[in-house]
1. Apply the Karplus curve 6.51 cos²θ - 1.76 cosθ + 1.60, θ = phi - 60°, to the phi angles in the range 8-19 and return the couplings in whole Hz, x for Gly and Pro.
2. For the chain, which trypsin sites (Lys or Arg not before Pro) are in a loop by DSSP, counting at most 13 other Cβ atoms within 10 Å?
Amino acid sequence: MGKTVRAIRMERKLTQEGLAQAADLNLSYVSAIERGDNNPTLLTLIALAKALNVTLLQLLEDTGL
């Protein structure tokens with residue numbers, strides 16, 4: 001999941017800080033998600049998808065879920 005979030009974020013030319021602000025999340029939490037240290041809740045996934053302008057399905061595509 002974290003690799004997908006990071007890849008989409010970089011494709012959108014967003015910093016972790018920019019993504020965190022857009023998703024109304026803590027910067028350290030976004031960083032931990034990208035590293036795979038934290039598993040985001042469904043509400044967090046929805047916020048990330050909206051901030052990245054992708055569907056929830058696109059965000060989950062490569063996770064095997």
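Quick note: the coordinates plus some simple rules give every number you see, no bench work behind them. Nothing here was measured: the structure is a model prediction, and the numbers come from that model. Cβ sites come from the backbone with ideal geometry, for glycine too, and all protein chains shown count toward neighbours.
1. Residue by residue, the range 8-19 yields 5, 4, 5, 4, 7, 6, 9, 7, 4, 4, x, 5 Hz.
2. Here the sparse-neighbourhood loop sites are LYS13.
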